[in-house]
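Scroll down for the structure; my scribbles are underneath it.
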Amino acid sequence: MGTVLFAAGSLVFAQTAEEIAKKNHDLPDGKTNTATAVLTLIDKNGKTRTREVAEYGMKEGTTKKKVMVFRSPKDVAGVSYLNFEYPDNPDGSARDSDSWLYLPAMKKVRRVSGSSKDDDFQGTDFTYDDIGDRSLGKDTFALLGEEPVGEVPCWIVEYTAKDKNAKISRRVLWIGKDNYVLYKGEYYDKANKLKKTLACEGIRQIKGYWVIDKMTMTNVQSKHSTVYETKDHQFDIPIDANYFTVSALERELLK
């Protein structure tokens, strides 16, 4: 789930859960995109920590590439994350993304394995899958009904993980009927108990692309939450393709 990954798509009526999920997944976000994100982590006592992140995205062929670089505070500045998302296999099975994390304190890039994609991303309440485009091949789908979020008519779609060992066993998402944008979510653990809730605000279009200005993910079990706010969105602007390389992370080219 990324902040600029929801954009205008076809408004052809989707009748099945699979079609709705695919339209949400495939919403365009431009040939390139950039944004600045401010992540506010809030613990159960209300204590906050704030992090600023620069985000860059590029589509090359059918591969979607994304880089996130922590700018502040000092203890996380320079931490960088690179992710390549690929289309699913021809038979519809999942093709896992390739991901790398650079930790400047160690001067080392480590690969993020597929089994880690359900882990929390850098101490936030968002997982690696949440900030990317989770493969549709990882889930089965069911249409649970319709319900508005505020005044926005939405489908309620259930995503159930095929991996029985997944930390998040199922996701229930409210997807806009007119634009296929995500408005709300519930996330359940392996025991099928509610673990997290997601609220999306500031949903708007920029140059025809949908963005979500604010996402709040709340872990109802730990009472910890993360507010993910984005600004300075830009689309279809020149970005150096060399940004999206492991060597760029290692050389700390992105600040």
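The values are calculated or read from the model by the stated rules, or taken from the named source; none is laboratory data. Source: prediction; values computed, not measured. Every residue, glycine as well, gets a Cβ built from its backbone with ideal geometry; the counts of neighbours run over all protein chains shown. Just the protein is used for accessible areas: all its heavy atoms, side chains included, with ligands, DNA and RNA removed. Shrake-Rupley method; radii C 1.70, N 1.55, O 1.52, S 1.80 Å.
Against the numbered list (1) surrounded by 19 or more Cβ atoms within 10 Å (Cβ to Cβ); (2) in a strand (DSSP E or B), TYR180 comes up short only at (2).
The residue list SER225, SER169 contains one member that is of a type outside the set (A, V, I, L, M, F, W, C), assigned to a strand (DSSP E or B) and closer than 25 Å to ARG95 by Cβ, which is SER169.
Annotation: of all residues in the range 221-238 being under 17 Å from ASP130 (Cα atoms) and more than 15 Å from the chain's Cα centre (by Cα), the one that is least open to solvent (accessible area, probe 1.4 Å) is SER225. The number of residues in the range 186-201 being in a strand (DSSP E or B) and open to solvent by 40 Å² or more (accessible area, probe 1.4 Å) comes to 6. Among the residues of the range 82-97, some residue qualifies, meaning at least one is modelled with pLDDT under 90 and under 24 Å from THR230 (Cα atoms). Selection of strands (runs of 3 or more DSSP E) fully inside the range 6-118 by the criterion of at least 1 residues being small (Gly, Ala, Ser) returns 32-42, 48-60, 63-72, 80-85, 98-103.
Among the residues that make up the range 61-76, is at least one of them without any contact (Cβ under 8 Å) to a residue 40 or more places away in the chain and among the basic types (Lys, Arg)?
yes
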